[in-house]
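J.: There's a structure below that I have some questions on.
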Amino acid sequence: MPSQPIQVPSSGVHATIRTPFTTRKLMLAAVVGYIVCLPMQFDFGGAFRFAPSDMFLLIGLLAAGLRLKLDRRQFSSWHWGMLLIFVSASGVSIVWNGFLPRYALLQKDVGFLLLLLTYILLIHVTDTWERLYRLLRVFLLSVVWLNAVALFAFFSGVRIPFMVMDGRLAGMLIDPNAYGGLLVTAFAVHILTSGGPVRLLRGWMGLFATVTLSGGILMTFSRSSWIGLALVLMALTVTKPKQLIRIGASFVVAFAALLLYKGTAYLDVFGSMASRPSQIQSRLDIISKAYEWIAQSPLIGIGLGTYNHELRIIIHNTPMWFMTEFGLIGFLIYGGFMLWYFLVGIRSYRAAEPTHRPVILAFLLAHAAMIGLSMGIEALYQRYWWFMMAMNAACIHLTDSTRQKGSPSQTKGG
């Protein structure tokens, strides 16, 4: 929408400014761009990674300006607590090392602050159920189509940058474990909404998504994401047992396609890729060293970025990372932060109309899946997890708005 001339009577002159409506359209476009690019990262020689989502985030924040608001129901004391422990852990690191490592400052401190701003921006624009479903549909379509390209690269042998890493599907997230978490998150949202009143993907697209996401999860050979998937499946046995038949069939089809293309001899390769005993021993060694440092400073930890600074490696386990670098205090705040989203989701689920309950349950299961993933990687910085958390928190306002209107919502998902 073009800028509109607005007369200012007090000065007797005309000023041309952007109206809030135009600015909001730019903000929404930036959010959509952010979500479309969530499955993408570009690696430049291992020294630098660029995520296109961050570019759209900055555009969205500039468009939002000072209009972003904090709702204490959606930005709790746990969020402030997380900020506080990052500041305190940075201080401990300065005392422990004599300085704050650049990795800790840029990747951890600034990175976490950007994630919080992303969370606030996403909640700000998700002001109707219709918009929530549209954003989720954009997310699913982006993940499904990029995953289809990755599977094509995997099976055809065509070299597409970043898609396959050491025989494992990595999409464009560089790390197969992070990519597996993305696929499990999308899978949970898709499966929970596919049988409900608001279907994000319909017809052949829904079937295509089910099979390709299943295949992608298998081909990441990510034990961490498989843990997350197991949590989703266990929850479905209680909430929607009939869906398990469809899910099982999709994994059978995906695995059969793999064997048809690679041959039964690939079973040995599959087993070795899934087990990777050398990597298991490496992770055990990392955790063993973490225990040594926890014993030295159990209450406040060894400081943010210290483990990476000393050993040039990360811990690959989010709870253990918090216990090591943030101490018991930081670990408890992190645990409360994670639990808060379950409580928020349960509250929204109980207050929501039956139409919207499947998607709220999807957010809860995605959150559980990501906690499972966090046992194998430092998952807190995965942007798609924060997208799920923002959508979960947005439902607090949406369920309240629906009740205040006093009439059932008739949205069809946009």
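The values are calculated or read from the model by the stated rules, or taken from the named source; none is laboratory data. None of these values were measured; they are calculated from a predicted model. Here the Cβ positions follow ideal geometry from the backbone for every residue, glycine too, while neighbour counts run over all protein chains shown.
J.: Is there a residue being outside any loop (DSSP other than H, G, I, E, B) and among the polar types (S, T, N, Q) anywhere in the stretch 122-129? Working first, answer last.
T.: Narrowing the stretch 122-129 to residues outside any loop (DSSP other than H, G, I, E, B): 122-125, 129.
Then keep just the ones that are among the polar types (S, T, N, Q); that gives none.
There is no residue in the stretch 122-129 that is outside any loop (DSSP other than H, G, I, E, B) and among the polar types (S, T, N, Q).
Residues are listed down the side, and each one gets a yes or a no for (1) at pLDDT below 95; (2) among the aromatic types (Phe, Trp, Tyr); (3) within 30 Å of Ile346 (Cβ to Cβ); (4) outside any loop (DSSP other than H, G, I, E, B):
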{"position": "Gln7", "(1), (2), (3), (4)": "yes, no, no, yes"}
{"position": "Tyr34", "(1), (2), (3), (4)": "no, yes, yes, yes"}
{"position": "Leu57", "(1), (2), (3), (4)": "yes, no, yes, yes"}
{"position": "Leu62", "(1), (2), (3), (4)": "yes, no, no, yes"}
{"position": "Arg73", "(1), (2), (3), (4)": "yes, no, yes, no"}
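J.: Kindly indicate the residue of the stretch 200-235 that is touching a Lys or Arg at 6+ places or on another chain (Cβ under 9 Å) and touching a residue at least 60 places away in the same chain (Cβ under 8 Å) and also surrounded by the most Cβ atoms within 10 Å (Cβ to Cβ) among those meeting that condition.
T.: Initial filter on the stretch 200-235 (touching a Lys or Arg at 6+ places or on another chain (Cβ under 9 Å)): 200-201, 206, 210, 219-223.
When the remaining residues are screened for being touching a residue at least 60 places away in the same chain (Cβ under 8 Å), the result is 200-201, 219, 222-223.
On the way: Leu200: 25, Leu201: 21, Met219: 26, Ser222: 28, Arg223: 18.
It comes out as Ser222.
J.: Take the stretch 147-169 and flag every residue that is surrounded by 24 or more Cβ atoms within 10 Å (Cβ to Cβ) and part of a loop (DSSP other than H, G, I, E, B).
T.: If the condition is that a residue be surrounded by 24 or more Cβ atoms within 10 Å (Cβ to Cβ) and part of a loop (DSSP other than H, G, I, E, B), then no residue fits.
J.: Mind checking whether some residue in the stretch 347-363 is touching a Gly at 6+ places or on another chain (Cβ under 9 Å) and of a type in the set (S, T, N, Q)?
T.: Among the residues of the stretch 347-363, at least one is touching a Gly at 6+ places or on another chain (Cβ under 9 Å) and of a type in the set (S, T, N, Q), which makes the answer yes.
J.: Could I ask something else about it? Report whether or not Leu182 is hydrophobic (A, V, I, L, M, F, W, C), surrounded by fewer than 21 Cβ atoms within 10 Å (Cβ to Cβ) and under 14 Å from the mean Cα position of the chain (by Cα). Even if it seems obvious, please write down each step before you answer.
T.: Details: hydrophobic (A, V, I, L, M, F, W, C): yes; surrounded by fewer than 21 Cβ atoms within 10 Å (Cβ to Cβ): no; under 14 Å from the mean Cα position of the chain (by Cα): yes.
Spelling it out, it is not the case that Leu182 is hydrophobic (A, V, I, L, M, F, W, C), surrounded by fewer than 21 Cβ atoms within 10 Å (Cβ to Cβ) and under 14 Å from the mean Cα position of the chain (by Cα).
J.: Run Ala47 past the list (1) over 19 Å from the mean Cα position of the chain (by Cα); (2) closer than 21 Å to Leu106 by Cα; (3) of a type in the set (A, V, I, L, M); (4) at pLDDT 90 or above and report the number of the one that doesn't hold.
T.: Here Ala47 meets the rest and fails (4).
J.: Right, another one. Taking the stretch 302-325 on its own, how many of its residues are outside any helix (DSSP H, G or I) and closer than 19 Å to Arg102 by Cβ?
T.: 8
J.: Return only the number of the condition from (1) surrounded by 18 or more Cβ atoms within 10 Å (Cβ to Cβ); (2) farther than 16 Å from Asp285 by Cα; (3) touching a residue at least 40 places away in the same chain (Cβ under 8 Å) that Met338 does not satisfy.
T.: Unmet for Met338, out of (1) surrounded by 18 or more Cβ atoms within 10 Å (Cβ to Cβ); (2) farther than 16 Å from Asp285 by Cα; (3) touching a residue at least 40 places away in the same chain (Cβ under 8 Å): (3).
J.: To continue, here is another question. Could you check the stretch 169-179 and list, in sequence order, the residues that are more than 12 Å from the chain's Cα centre (by Cα) and either farther than 14 Å from Leu146 by Cβ or of a type in the set (Ser, Thr, Tyr) (or both)?
T.: Asp175, Pro176, Asn177
J.: Between a residue in the stretch 153-170 that is under 13 Å from Met40 (Cα atoms) and any residue that is in a loop (DSSP other than H, G, I, E, B) and among the charged types (D, E, K, R), which pairs come within a Cβ distance under 9 Å, given they are 6 or more apart or on different chains?
T.: none
J.: Among the residues in the stretch 130-152, are any more than 30 Å from Ala254 (Cβ to Cβ), touching a His at 6+ places or on another chain (Cβ under 7 Å) and not acidic (Asp, Glu)? Show your work before the answer.
T.: Going through the stretch 130-152, the residues more than 30 Å from Ala254 (Cβ to Cβ) turn out to be 130-131.
Checking which are touching a His at 6+ places or on another chain (Cβ under 7 Å) leaves us with none.
Taking every residue of the stretch 130-152 in turn, none turns out to be more than 30 Å from Ala254 (Cβ to Cβ), touching a His at 6+ places or on another chain (Cβ under 7 Å) and not acidic (Asp, Glu).
J.: Also: Of all residues in the stretch 33-60, which are closer than 25 Å to Tyr341 by Cβ and out of contact with any helix residue (DSSP H, G or I) (no Cβ under 6 Å at 6 or more places or on another chain)?
T.: The answer is Gln41, Ala51, Asp54.
J.: Restrict the check to the stretch 353-364 and report whether at least one residue is over 27 Å from Pro176 (Cβ atoms), under 21 Å from the mean Cα position of the chain (by Cα) and among the charged types (D, E, K, R).
T.: Scanning the stretch 353-364 turns up at least one residue that is over 27 Å from Pro176 (Cβ atoms), under 21 Å from the mean Cα position of the chain (by Cα) and among the charged types (D, E, K, R).
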